[in-house]
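The structure under discussion appears below in the form of structure tokens.
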Amino acid sequence: MTSAQTPSSHTRFPAGGRAFPHRDLIAIGALATHEILYLLEEAEPWVAFNRQPAKHADALAGLTIINAFFENSTRTLLSFEIAGKRLGADVVNMHAAQSSVKKGETLIDTAKTLNAMRADALVIRHGSSGAVGLIADKVDCPVLNAGDGQHEHPTQALLDALALRHALRERGEASSDGMMVGRTVTICGDVLHSRVARSNVLCLQALGATVRVCAPPALMPLGIEAMGVEVFHHFDAALAGADVVMMLRLQNERMDGQFIPSPREYRHLYGLTSKRLALAAPDAIVMHPGPMNRGVEIDSDVADMPGRSIITSQVEMGVAIRMACLDVLTRKARRIPGWGAKDSAGEWV
Ligand code: NCD
């Protein structure tokens, strides 16, 4: 399958580059709802493509993608690498631990170095909120945010939406647009340190969901009500009738100080057990971005519950959504007709 076969058969989206008029993918907060839906739609052919035995396309042949990860990652790094390779690009991974960052190089100098190597897309994970946007300002190619501090993790929210869409479709319940209208999603865990929570709140609300967030007071961001979420500190109340339960890990590496009394007490108050899950809607969907701490925020029988847990599907959808994002963001460079720049009148040409 080439890019010429995949994109833009969807007549309900604006044509060409107007469907996604951004050079970078830094934050869900910067996207309109129809742009989120466009990326989900673009990912669909790649879901089917990835289920074939031979999974090699040439859409990005000759392009160089650099994955620069200044923080640890398993699934995000691997799925961006697989996505780039399945699209035919040359993919290079830079791990900060083995790079000149350890020798004192500034972030801007690292960005300039990557730029000078003429990467066609940069995928960046960084521990500081805003760092990926800062790099994007200094380079000439599309930049994809693979998680920046406590700010955003846009491809995670997109893959979660795609996994939800597939799960609802399998149950015969999904419409493409407004698929979350009338549904309640409970996000529980270390909301304070979670870029996944932030991107998901924005994405799920854009798709029509009512979003509840639940955490101990010390792990709830001050003023989060301003995002239009319902705030809970008691998990049982937050679960009542929820259609989707999204669990988050305690991000110990981001905590400076004691945020919870002990993992045991945390599990007692905020762990998703099968008994607790029974408080949610009868067929509630269970999600987790990974990595999981089984027996802390989620019990194994819930994490592996057939027909309810879509955690494995989330990982599968991650590759497809990242293929779609890399494909869409490199169309201008690949001179795909209609994916040009804005002209002086602000029109896409
Ligand atoms: C998340 C992250 O890194 O923000 N993981 C992921 O990308 N799948 C969540 C986490 O680390 O807990």
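The values are calculated or read from the model by the stated rules, or taken from the named source; none is laboratory data. Since this is a predicted model, take the numbers as computed values, not measurements. Here the Cβ is made from the backbone with ideal geometry for all residues, glycine too, and neighbour counts use every protein chain on show. The area values use the complete protein model at the heavy-atom level, side chains included, leaving out ligands, DNA and RNA. Shrake-Rupley method; radii C 1.70, N 1.55, O 1.52, S 1.80 Å.
By how many nm would the segment from ASP109 to SER128 grow when fully extended, if each residue of separation counts as 0.36 nm and the alpha-carbon distance is taken off?
Extra length available between ASP109 and SER128 comes to 5.2 nm.
Mind checking which of THR210, GLY223, VAL132 is farthest towards the positive end of region 94-234's charge dipole, using Cβ charges of +1 (Lys, Arg) and -1 (Asp, Glu) about the Cα centre?
VAL132
Can you give me the % of accessible surface on the chain that is carbon or sulfur? Probe 1.4 Å, all protein chains present, nothing else counted.
C and S atoms contribute 52 percent here.
Can you say what percent of the DSSP beta bridges in the chain, counting only those with both residues inside, are antiparallel? Round to 5.
In the chain, approximately 5 percent of DSSP beta bridges are antiparallel ones.
By a straight-distance test (C-alpha under 24 Å), which lysines pair with LYS103 as possible cross-link partners, with residues fewer than eight away in the same chain excluded?
Leaving aside lysines fewer than 8 places away in the same chain, those within reach of LYS103 are LYS112, LYS138.
Would you mind telling me the antiparallel percentage of the DSSP bridges in region 159-241, rounded to 5?
Of all bridge pairs located within region 159-241, approximately 0 percent are antiparallel.
Could you give the length gained on full extension between ALA116 and HIS234, defined as 0.36 nm per residue of separation minus the Cα-Cα distance, in nm?
37.4 nm
Using amide H atoms built in the peptide plane, which far-off residues or other-chain residues are under 5 Å from LEU25 H to H?
HN-HN under 5 Å from LEU25: VAL143, LEU144, ASN145.
Once amide H atoms are placed 1.01 Å from N in the peptide plane, what residues at a sequence separation of 5 or more from MET94, or on another chain, have their amide H within under 5 Å of its amide H?
Correct list: ASN67, ALA68, PHE69.
Using a cut-off of under 18 Å, list every residue of region 169-206 whose amide N is near the label point 7 Å from the Cα of GLU225 along the Cα-to-beta-carbon line.
Answer for region 169-206: 192.
Between 0 and 90 degrees, rounded to the nearest ten: what's the tilt of helix 107-116 against the longest Cα principal axis of the chain?
Around 40 degrees separate the two axes.
Tell me the per residue accessible area of the chain using a 1.4 Å probe; a whole number in Å² is fine. Don't skip to the answer; put the middle values down first.
Numbers: 14630 Å² over 349 residues.
Normalised by residue count, the accessible surface of the chain is 42 Å².
Among VAL245, MET305, GLY62, pick out the residue whose Cα is farthest towards the positive end of the charge dipole of the chain, where Lys and Arg carry +1 and Asp and Glu carry -1 on C-beta, about the Cα centre.
GLY62
Skipping prolines and chain starts, which residues have an amide H placed within reach, meaning under 5 Å, of the one on MET246, given they are 5 or more residues away or on another chain?
Long-range HN contacts for MET246: THR186, ILE187, CYS188, MET287.
In sequence order, what are the phi-derived ³J(HN,Hα) couplings for region 128-142 according to the Karplus relation 6.51 cos²θ - 1.76 cosθ + 1.60 with θ = phi - 60°, rounded to whole Hz, with x for glycine and proline?
9, 4, x, 5, 5, x, 4, 5, 4, 5, 9, 10, 9, 10, x
What ³J(HN,Hα) values, in whole Hz, does the Karplus curve 6.51 cos²θ - 1.76 cosθ + 1.60 give for region 264-272 when θ = phi - 60°, with x put for Gly and Pro?
5, 5, 4, 4, 4, 8, 10, x, 8
Of the beta bridges DSSP finds with both residues in region 180-304, what % are antiparallel, to the nearest 5?
About 0 percent, rounded to the nearest 5.
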